[in-house]
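Here is the structure we will look at.
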Amino acid sequence: MPAPSLDSLVSLCKRRGFIFPGSEIYGGLANTWDYGPLGLEIKNRLQREWWKRFVRSRRDMVGIETGILMNPKVWEASGHVSNFGDPLVDCKKCKERFRGDKLLEEKIGVEGAAVLTLDQVQPMLIAEKIGCPSCGSVDWAVAKKFNLMFKTQQGVVEGEGADIYLRPETAQGMFVNFKNIAQTSRKRLPFGVAQVGTVFRNEITPGNFTFRTREFQQMEIEYFVEPGTEGPIFENWKEVMWQWCLDIGLSPERLRIREHTKEELSHYSSRTLDIEYKYPWGWGELYGLANRSDFDLTQHAKCSGQDMTYTDPDDPKKKFVPYVVEPTFGLTRTVLAILLEAYEEENLADDDTRTVLHLKPLVAPFDLAILPLSKKEHLSSYAEELHKKIVQETGLFVDYDVTGSIGKRYRRQDEIGTPKCVTVDFGTIGEDAVQGEKDTVTIRDRDTQAQERLTISSLIEKLKAH
Ligand code: GAP
């Protein structure tokens with residue numbers, strides 16, 4: 001299946017209530033997006049599934065939720081104040097600003113341009129005649145490092161409060177609580193801490209829909225290990241992350257693993273690989289896996305004066321600062337990838353087409369839709385009762401749609417990725433033997449469009465077994 005154009009997906013997301021432009025009635029706010037009823041359902045499902053798999057099903061994991069606002073010393077210790085930035089280039093003519101490394105990557109395919117020094121970026125842009133995406137000029141100013149952290153002020157008197165930052169990653173909340181967690185959970189190494197939450201980065205060039213935004217959500221794990229044991233643990237996480245990608249419906253042909261070069265590594269990492277996805281504009285990061293060694297805990301011990309060593313309960317003489325393997329998953333970026341993967345404009349017989357989202361049932365907004373064939377009172381009241389019964393007995397999330405022709409309603413459910421539709425017709429209520437026997441319904445499969453006639457009791461058994 002060819003990758004859809006991004007525009008078709010953006011339009012479907014708006015039309016069907018997955019994702020809306022942020023603050024739209026005021027003309028929007030650049031590159032901000034709101035999750036509508038269906039988009040939120042996908043995001044919540046992904047988050048719940050991730051939590052179930054990585055926290056609730058594992059004895060070596062615990063969860064935590066920490067604040068977006070943290071003591072600013074955290075970000076000095078973590079290196080974000082001095083190191084967390086991108087090369088910013090100003091167009092001298094129109095004054096627009098861009099990420100120099102991204103211009104080089106996107107316009108002339110320089111791989112890993114993030115490793116270029118600030119002095120190299122502007123001469124290379126000029127030498128390669130890379131014009132400003134807004135006005136075309138090649139009159140670039142010298143590149144500057146631009147810190148990506150959002151600053152705000154804490155306190156009631158404007159101008160007198162302390163400067164603080166909105167967190168750019170959830171990770172630090174887990175590092176600063178390492179001792180609290182180790183003591184209260186009584187977990188022994190190796191063990192991991194997971195957190196899901198919103199983070200902020202003042203990206204220079206956000207874009208490509210929800211791929212790069214200034215506010216987004218991450219699902220992160222900090223996995224604490226004894227130094228020297230991190231090699232095989234890193235390899236294991238690589239496999240576990242890859243399997244997660246397949247299980248949520250991403251195809252292996254659109255996934256690849258890319259190791260960071262030494263020059264490319266973040267300030268905290270001694271090894272990083274990205275799981276990349278093939279987006280409509282090319283390969284780009286989906287998830288990351290890093291060996292953060294003892295960088296963060298050592299920095300926090302140094303800057304806070306608190307002891308961050310771990311004592312082996314079986315051998316109290318054995319004390320060390322744990323190493324950390326960090327699997328990190330962008331939640332909002334995952335929603336984008338699974339929507340892109342699922343989207344198809346399918347050609348049907350008789351020159352007809354349909355748009356369909358082949359979402360895995362695990363992440364589809366609705367599990368099922370109930371569609372009464374007609375609005376007639378006695379038929380729709382039967383269908384309403386059936387809706388209630390299925391919800392009560394199966395716990396599934398079931399849509400109910402009574403307006404429009406049945407064909408149009410099937411198409412709508414295809415577009416929002418509902419795996420199965422159940423039609424209640426006059427046969428169901430015992431008024432049309434041709435349509436079917438009493439208390440039977442038609443169940444239609446989204447992907448094959450095949451229809452099957454089932455008794456209601458066997459339908460419910462089937463749904464329960466799912
Ligand atoms: N704690 C490590 C860390 O934050 P990262 O690679 O900077 O690593 C982790 O971010 C994940 O967050 C990425 O793999 C990606 O999925 C997501 N992500 C990063 N920047 C993003 C942005 N501006 N918009 C949406 N998602 C982003």
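The values are calculated or read from the model by the stated rules, or taken from the named source; none is laboratory data. Being a predicted model, the structure only gives us computed values, none of them experimental. Because the Cβ atoms are built from the backbone with ideal geometry, glycine has one as well, and the counts that use them run over all protein chains shown. Side chains are part of the model used for accessible areas, which takes the heavy atoms of the whole protein and leaves out ligands, DNA and RNA. Shrake-Rupley method; radii C 1.70, N 1.55, O 1.52, S 1.80 Å.
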Estimated distance in nm for a label pair at Lys145 and Ser381, the labels positioned 7 Å out from Cα along Cα-to-Cβ: 7.3 nm
Starting from the Cα gyration tensor of region 56-161, multiply each eigenvalue by 5, take the square root, and state the resulting semi-axes largest first in whole Å. 36, 21, 12
Rounded to the nearest Å, the spacing of the alpha-carbon centers of region 53-123 and region 403-428 is 45 Å
Going through region 52-108, which GluC sites (Glu not before Pro) have at most 12 other Cβ atoms within 10 Å and a DSSP loop state? Glu65
Given a cut-off of 27 Å, name the pairs among Lys95/Lys145; Lys14/Lys144; Lys238/Lys262; Lys14/Lys43 whose C-alpha atoms lie farther apart than that in the structure shown. Lys14/Lys144
Can you run phi through the Karplus equation (6.51, -1.76, 1.60; θ = phi - 60°) for region 6-15 and list ³J(HN,Hα) in whole Hz, with x for Gly and Pro? 4, 4, 5, 5, 4, 5, 4, 4, 6, 5
Consider all pairwise Cα distances in the chain and report the whole-number % of them above 41 Å. 31 percent
Which Cys residues of the chain have no other Cys beta carbon under 4.7 Å away? Cys13, Cys245, Cys303, Cys421
When all alpha-carbon pairs of region 417-466 are counted, what percent fall beyond 14 Å? 50 percent
Heads up, region 57-108 by the C-alpha gyration tensor (a ≥ b ≥ c square roots of eigenvalues; a/c under 1.5 rounded, else a/b over b/c prolate, else oblate) looks prolate
If you put +1 on each Lys and Arg Cβ and -1 on each Asp and Glu Cβ, how big is the dipole of region 108-174 around its Cα centre, in Debye rounded to 20? 80 debye
For region 360-377, in residue order, the Karplus 3J(HN,Hα) values (coefficients 6.51, -1.76, 1.60; θ = phi - 60°; whole Hz; Gly and Pro = x) are 4, x, 4, 10, 5, x, 10, 7, 7, 10, 10, 10, x, 4, 9, 7, 3, 3
Taking amide H positions as placed in the peptide plane 1.01 Å from N, state which residues far from His358 in sequence (5 or more) or on other chains have amide H under 5 Å from it. Tyr343, Glu344
Relative intensity, log₁₀ I(q)/I(0), of region 140-276 from a Debye sum that treats every alpha carbon as a point, q = 0.14, 0.20, 0.21 Å⁻¹: -0.95, -1.51, -1.54
Return the distance in nm (one decimal) between the two label points of a simple spin-label model at Asp163 and Asp439, each offset 7 Å from Cα along Cα→Cβ. 7.3 nm
Hey, what's the chain come to in accessible area per residue, 1.4 Å probe, Å²? 48 Å²
How many percent of the accessible area of the chain is carbon or sulfur, using a 1.4 Å probe? 49 percent
Sum up the charges of everything whose Cβ sits under 12 Å from the Cβ of Ala171, counting Lys and Arg as +1 and Asp and Glu as -1, but leave Ala171 out. -3
Per-bin percent of Cα-Cα distances, region 293-351 [10 Å]: 18, 22, 18, 14, 12, 7, 7, 2
Checked region 1-69 with the C-alpha gyration tensor, a ≥ b ≥ c its square-rooted eigenvalues, rounded below a/c of 1.5, otherwise prolate if a/b is larger than b/c and oblate if not; verdict oblate
The FRET efficiency for Asp7 and Asp34, from their Cβ-Cβ distance with R0 = 30 Å and rounded to 0.05, is 0.95
Which far-off residues, 5 or more places away or on another chain, put their amide H under 5 Å from the one on Ile370, with H placed in the peptide plane? Asp399, Tyr400, Asp401, Val422
Thr311 label point, 7 Å along Cα→Cβ, cut-off 13 Å on backbone N: hits in region 171-198? 183
